[in-house]
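See structure below.
Bear in mind these aren't lab numbers, they're just calculated from the coordinates by the rules spelled out. Because the structure is predicted, anything quoted here is derived from the model rather than measured. Cβ: placed from backbone, ideal geometry, glycine included. Neighbour counts: every protein chain shown.
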Amino acid sequence: MATFEIIEKQGLKMIKATIDNETIRAEAGALHYMKGLIQLESKAPSAKGFLKSMVTQESIFRPTYTGTGEIFYGPPTFGEYTMMDLNGEAWVLDKGAYVCSDIAIDVGVYANKAISGLLSGEGFFQTKVEGSGRVVIQSLGPLETIDLQNERLAVDGKFAVARQAHLNFSVQKATKGLLSSMTSGEGFLNIIEGTGRVLISPVPNLYANLLSEMRLSIPTATS
């Protein structure tokens, strides 16, 4: 079975995948470099898959890597990588969270309800991973696991990185009154309800914060 490791050097992190006559899948553009006898293949989708990608604006190419050797996925990031071990369940991931996975994991699309997709900040379509095996995801900071027992979780959309697919997802006003919603600074919240698990990243790590501050301090060119 393929092994995935988080490699860290001077604060930067990337993923090392080791395969032995095996196949794994990754997000398009995730490859940093690879060593060994490895064949990279990106198959053209079916007509149905192509049409679906046009509607969802979801990437239709998630290349596979087959052979024996080591593959490094990046590019190196100041954020965090997390390993998820799925055992037949399905998860919905935040946009851009998926990095790579065992070939047994099906990577597809999850459609949010129209109003939820419009107001949640998550978009109408998100990535869905399902099956048994390991999935690697990325986030701006370390993940906090929240287990719901027939409960309701209200969260700012940008902090929810992954949720089990069977949980109910909707968007609601933060407060009852329009004026209260406007003055609270929290117009809408993503509501996740039911019994299951949610992964959130409430606090970006130090490196992500520093990088964000550096980007804001760099003057932009003006015409």
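Some points to look at:
- Amide H to amide H, with H built 1.01 Å from N, V161 comes under 5 Å of L199, I200, S201, counting only residues 5 or more places away or on other chains.
- Taking label positions 7 Å along the Cα-Cβ direction at both A104 and E193, the computed distance is 3.5 nm, reported to one decimal.
- Residue exposure proxy: S132, S170, ordered by other Cβ atoms within 10 angstrom of their Cβ from fewest to most, comes out as S132, S170.
- Using a Förster distance of 25 Å, the FRET efficiency for A90-A28 (Cβ separation, nearest 0.05): 0.70
- Listed residue pairs exceeding 28 Å between alpha carbons, taken from K9/K43; K43/K128; K35/K158: K9/K43; K35/K158
- Applied to region 158-166, the Karplus parametrisation 6.51 cos²θ - 1.76 cosθ + 1.60 on θ = phi - 60° returns per-residue 3J(HN,Hα) values of 5, 9, 7, 8, 7, 8, 5, 5, 7 Hz, with x for Gly and Pro.
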